[in-house]
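Readers should treat all values here as calculations from the given coordinates under stated rules, not as data from a laboratory. Here the structure is a predicted model, which is why all the values come from computation and not from measurement. For neighbour counting, all protein chains shown are included, and Cβ atoms are generated from backbone atoms with ideal geometry for every residue, glycine included.
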Amino acid sequence: MHPIHLLRIVSSVRRLLQTNRCRSFSSCQHNMASIKHKNARRIEGLDKNVWVAFTSVAADPSIVNLGQGYPDIPPPSYVKEGLAQAAMVDRLNQYTRGFGHPTLVKALSKVYGKVYDRQLDPFKEILVTVGGYGSLFSTMQALVEEGDEVIIIEPFFDCYVPMVKMAGAKPVLIPLRLKSTATTGISSADWVLDQEELASKFNSKTKAIIINTPNNPIGKIFSRSELQAIADLCIKHDTLCFSDEVYEWLIYKGHEHVKIATLPGMWDRTITVGSAGKTFSVTGWKLGWSIGPEHLIRHLQTVMQNSLYTCPTPLQEAVGRGLLRDFELMGQPDCYFSALALELEGKRDRMAAMLAQTGMTPVVPEGGYFMIVDVTALNQDLTHMGDDEPYDYKFVKWMIKEKKLAAIPVTAFVGEDSVKQFEKYIRLCFIKQESTLDAAEAILKNWNKG
Amino acid sequence: MWRRVAVYGPSLSVRLAIAGFHEKGIMSRRLHARRLEGIDKNIWVEFTQLAADYKAVNLGQGFPDFSPPSFIQEAFCNALTGGFRMHQYTRAFGHPNLVKILAKFFSRIVGREIDPMEDILVSVGAYQALFCTFQALVDEGDEVIIVEPFFDCYQPMVMMAGGMPVYVPLKPREGRGPALTSADWVLSPEELASKFTSRTKAIVINTPNNPLGKVYQWEELQVIADLCIKHDVICISDEVYEWLTYDGAKHVKIASLPGMWERTVTIGSAGKTFSATGWKVGWAIGSGHIMKHLKTVHQNSVYHCATAAQEAISVGFQREYDVFGTEDSYFHQLPITLHEKRKRLADCLKSVGLKPILPQGGYFMIADISNINVDLNDPTTKEEPYDYRFVKWLIKEKGLATIPVSAFYSPEHRDQFQKYIRFCFVKEDSTLQAAENILKQWSENK
């Protein structure tokens with residue numbers, strides 16, 4: 001008998017002896033129903049979600065929605081056309097290779113082979129998943145379990161903590177801290193990790209650290225030396241690194257995106273996550289990928305083959321073709337990867353200016369399409385809204401109601417211990433068309449007129 | 001490391017230590033999570049590669065090699081040009097247009113008001129709906145009854161959720177002569193009843209069944225329902241082939257039986273419904289108090305499904321709702337087309353000495369190969385079950401791809417079912433012709 005079965009028999013017998021199961025069916029029918037239809041322990045407490053609370057707002061057309069992170073600008077036309085063409089081919093409407101459609105994984109290996117400056121095996125070192133989200137899930141399920149600790153840097157994309165918990169492990173949080181005392185001209189580069197604090201979070205149970213660069217929500221791009229410090233700790237403590245780089249192409253002038261997997265000693269212990277949705281402004285296509293060494297990727301592939309098996313074919317074909325087209329243009333202004341960043345830089349600067357003129361203090365991001373802003377200077381009194389929620393949650397709800405402008409509270413991205421540090425910040429998304437930004441600007445200009 | 005030795009015993013720890021040393025010198029402890037133990041092998045990965053390598057006529061994996069109906073392709077193209085929202089995130093638990101039409105459509109069939117927002121979860125194919133169901137409801141130590149032969153993913157999914165699979169076989173009905181159709185394969189009610197214990201969390205049924213093609217009748221489902229109610233067990237009903245029934249067999253939804261709605265998760269597939277398996281859109285339908293747990297798994301695993309495909313499927317379902325029961329309905333036409341292909345393949349298999357079991361429903365037909373004597377002289381497959389070896393020989397020597405049926409049996413019972421192979425007949429006539437030519441030629445040369 002497989003040892004796993006033996007273990008399960010032992011543990012279930014142990015549980016049986018411990019629990020007070022009712023043998024008489026009829027009298028316990030109601031209780032049995034509530035026991036049996038209860039959820040599995042792995043999802044206990046993971047049902048709440050900030051998006052569920054705030055995305056219904058998006059349906060109201062009178063609200064200017066700078067909340068959830070998706071573009072309201074169209075994707076490039078060649079990407080949409082690629083999909084229309086793919087859907088016309090019979091074969092491309094049926095199952096493709098489970099770990100990634102050949103056209104797509106080969107295109108990824110070409111593009112990232114150049115970026116990493118290394119040969120990437122399209123079949124063994126790349127896995128295509130349902131969005132960057134699906135890559136994170138496959139990574140956690142494959143490599144993280146009960147007894148493990150996973151270090152997460154605050155503020156973090158909110159799914160990291162529940163995914164770590166669902167895998168049975170313990171999240172260990174460490175906040176980025178604002179090192180500047182200025183009240184204007186703050187950038188995401190002013191938010192840094194305390195090196196001693198970071199080192200103190202690593203121990204023998206640490207299985208992995210999750211980094212997100214460019215970071216959502218702050219927009220910080222971790223510099224080479226910051227990544228080296230993290231890499232040194234990973235190597236010293238023999239931990240893995242999960243690097244969420246979905247915004248990798250949205251890098252603004254004067255900054256460089258560095259892949260931690262390219263630092264010495266890191267390729268063998270790093271999974272890097274990317275996203276077609278963020279790359280081509282098609283979040284609704286839900287395609288992403290994990291890149292890493294075979295000895296790690298094969299475990300993600302095992303999760304994939306036992307969870308959803310394969311991703312949609314025509315979408316993968318279209319993304320593959322889009323990548324190949326832009327691969328040829330890499331380094332040139334026509335390349336969508338850099339053209340989009342250029343377009344967004346203007347929007348970033350516009351948004352920072354409109355926020356600043358109300359008296360708020362924006363944190364200008366080095367990358368990504370979010371900006372957080374400190375609302376302290378507005379001195380908005382929200383005591384009438386009670387005190388069972390952090391300030392930013394109340395502020396956003398008040399702002400939606402009174403100003404018809406939606407954002408996301410930043411404490412949704414931090415643990416309880418860091419709420420006080422972040423509760424004066426809200427997050428805005430600026431990958432929006434000019435008319436949306438015009439509407440936001442109108443609201444902000446009139447802010448102080450009540 | 002030593003804590004794990006104490007818990008799991010020496011043999012497992014030796015394996016762990018060896019695994020540690022093999023991994024590139026990093027992480028002296030094991031890299032992968034325990035939940036992956038024993039579930040890394042996969043028949044599709046192996047056999048689809050083989051079929052491709054040998055450019056075999058592919059009656060193996062279950063997908064059509066003809067196009068989806070034109071109305072669904074048009075719907076997809078319209079969705080793509082339908083404004084920016086079609087390319088951005090939609091509602092996580094299911095695109096509103098899709099869940100609304102699914103609720104409307106299936107309410108009519110199940111005979112109760114299905115709430116589109118509470119009772120339905122859209123997933124990345126029926127496969128992911130199954131995954132969400134097991135992850136949401138199965139805990140370590142729970143038993144899950146699986147009816148054999150079963151679609152192969154049920155077993156590893158139960159294991160990954162920490163559950164213990166308990167198997168009960170469909171068997172040829174005794175004393176009625178040769179079992180020539182899938183209707184002749186039945187469960188023994190006594191044997192089935194004996195599998196239910198106080199640890200049983202769920203039972204998985206698949207109707208129409210893959211690979212056998214059995215369509216469970218009302219009375220058979222009633223036996224299962226009675227046991228579910230008696231033991232307060234959840235029923236997971238995989239009904240992806242629900243529209244494909246032949247010879248007047250009627251598909252019955254176990255969720256429509258008394259007492260079953262509140263304890264059943266019914267799984268469906270747009271890929272199988274509209275012959276577009278590559279779109280990977282599926283759903284789970286059930287009472288909200290169970291569905292909310294599947295939603296929790298979904299929001300912590302993939303969160304959203306692709307928008308445009310969901311929009312296209314909603315248009316397809318609206319069209320089918322309007323023409324339901326008429327000759328125009330794709331759900332009416334497809335089974336008629338497949339009925340012919342099924343008969344054609346069965347006749348061909350019989351003519352060359354294979355013994356097909358005529359399926360009442362679904363995409364597949366299994367055939368008994370015990371009468372065939374071939375010299376399977378391939379040293380690379382020596383340790384494998386007979387049907388695996390036979391299928392590989394058939395791919396390599398004859399250029400015809402099928403799937404070995406023992407892959408759909410539990411490790412415990414695999415040995416007893418090594419003489420069947422599975423054919424998919426949802427193929428163009430030219431593909432079936434090519435397969436026929438291969439089989440006839442082989443038969444003539446024997």
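Holding the Cα-Cα limit at 30 Å, pick out from A:Lys286/A:Lys347; A:Lys110/B:Lys396; A:Lys401/A:Lys424; A:Lys170/A:Lys420 the pairs that are longer than that.
Too far apart for the 30 Å limit: A:Lys110/B:Lys396.
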Loop-only chymotrypsin sites (Phe, Trp or Tyr not before Pro) in region A:234-281, please: DSSP not H, G, I, E or B, and at most 10 other Cβ atoms within 10 Å. none
Between region B:217-270 and region B:272-307, the alpha-carbon center distance in angstrom: 19 Å
Place a point 7 Å from Cα of B:Gln49 in the direction of its Cβ. Which residues in region A:275-313 have their backbone N less than 16 Å from it? A:294-306
For region B:70-323: lysine pairs with Cα atoms under 15 Å, gap of 8 or more or different chains, count? 6
Amide H of A:Asp374 versus every other amide H placed in the peptide plane: which residues, excluding those fewer than 5 positions away on the same chain, fall under 5 Å? A:Thr361, A:Val363
Enumerate the residues in region A:105-132 having an amide nitrogen under 20 Å from the point lying 7 Å beyond the Cα of A:Tyr78 toward its Cβ. A:105-115
Can you compute the FRET efficiency between B:Lys382 and A:Asn379 using 1/(1 + (r/R0)^6), with r the Cβ-Cβ distance and R0 = 60 Å? Round to the nearest 0.05. 0.15
Could you give the length gained on full extension between A:Glu434 and A:Ala53, defined as 0.36 nm per residue of separation minus the Cα-Cα distance, in nm? 134.5 nm
Size of electric dipole in the protein assembly as shown: Cβ of Lys, Arg +1 and of Asp, Glu -1, about Cα centre, debye, nearest 20: 1040 debye
So for A:Leu120, A:Leu342, B:Leu180, A:Leu287, fewest C-beta neighbours within 10 Å to most, what's the order? A:Leu342, B:Leu180, A:Leu120, A:Leu287
Using the Kirkwood radius over Cα pairs, work out the Stokes-Einstein diffusion coefficient for region A:83-204 at 20 °C and 1.002 mPa s, in µm²/s as a whole number. 118 µm²/s
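In percent, how large is the relative contact order of region B:70-323, given Cα pairs closer than 8 Å and 6 or more residues apart?
Once normalised by length, the contact order is 30 percent.
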With the cut-off at 1.5 for a/c, could you classify region A:173-285 from its C-alpha gyration tensor as rounded, prolate or oblate? oblate
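With an 8 Å cut-off on Cα pairs and a minimum separation of 6 or more residues, tell me the relative contact order of chain A in percent.
22 percent
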A:Ala356-B:Glu327 pseudo-label distance in nm [points 7 Å out on the Cα-to-Cβ vector]: 7.3 nm
Using alpha-carbon positions, the gyration tensor of chain B gives root eigenvalues a ≥ b ≥ c; with a/c under 1.5 called rounded, otherwise prolate if a/b exceeds b/c, else oblate, the class is rounded
If you keep only loop residues by DSSP, which chymotrypsin sites (Phe, Trp or Tyr not before Pro) in region B:294-398 have at most 16 other Cβ atoms within 10 Å of their Cβ? B:Phe324
Inter-part gap, Cα centre of region A:112-137 to Cα centre of region B:51-125, in whole angstrom, is 27 Å
Any idea how far the Cα center of region A:208-236 sits from the one of region B:319-386, in Å? 54 Å
Using 0.36 nm per residue of separation minus the Cα-Cα distance, give me the extension gain between B:Glu174 and B:Ser198 in nm, one decimal. 5.6 nm
Beta bridges per DSSP with both ends in chain A, % antiparallel, nearest 5: 50 percent
P(r), alpha carbons of region B:70-323 - 10 Å bins starting at zero, rounded %: 7, 31, 35, 19, 6, 1, 0
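What does the C-alpha gyration tensor say about the overall shape of the protein assembly as shown? Classify as rounded when a/c is under 1.5, otherwise prolate if a/b is larger than b/c, or oblate.
Values: a/c = 1.63, a/b = 1.57, b/c = 1.03.
Cα axes put the protein assembly as shown in the prolate bin.
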Modelling each spin label as a point 7 Å along the Cα-to-Cβ direction, I'd like the B:His339/A:Ala229 distance in nm, to one decimal. 7.3 nm
Taking the Cα centre as origin and putting +1 on Lys and Arg beta-carbons and -1 on Asp and Glu beta-carbons, what dipole magnitude results for chain A, to the nearest 20 debye? 1460 debye
Here the longest stretch of chain B that holds no GluC sites (Glu not before Pro) in a DSSP loop having at most 12 other beta carbon atoms within 10 Å is B:175-326
Could you calculate the contour length gain from A:Lys449 to A:Asp238, that is, 0.36 nm times the residue separation minus the distance between their Cα atoms, to one decimal place in nm? 70.3 nm
Out of A:Ala261, A:Ala199, A:Ala182, any idea which swings most in a Gaussian network model of chain A, alpha carbons joined below 10 Å? A:Ala182
Region B:201-293: antiparallel bridges as % of DSSP beta bridges, rounded to 5, reads 35 percent
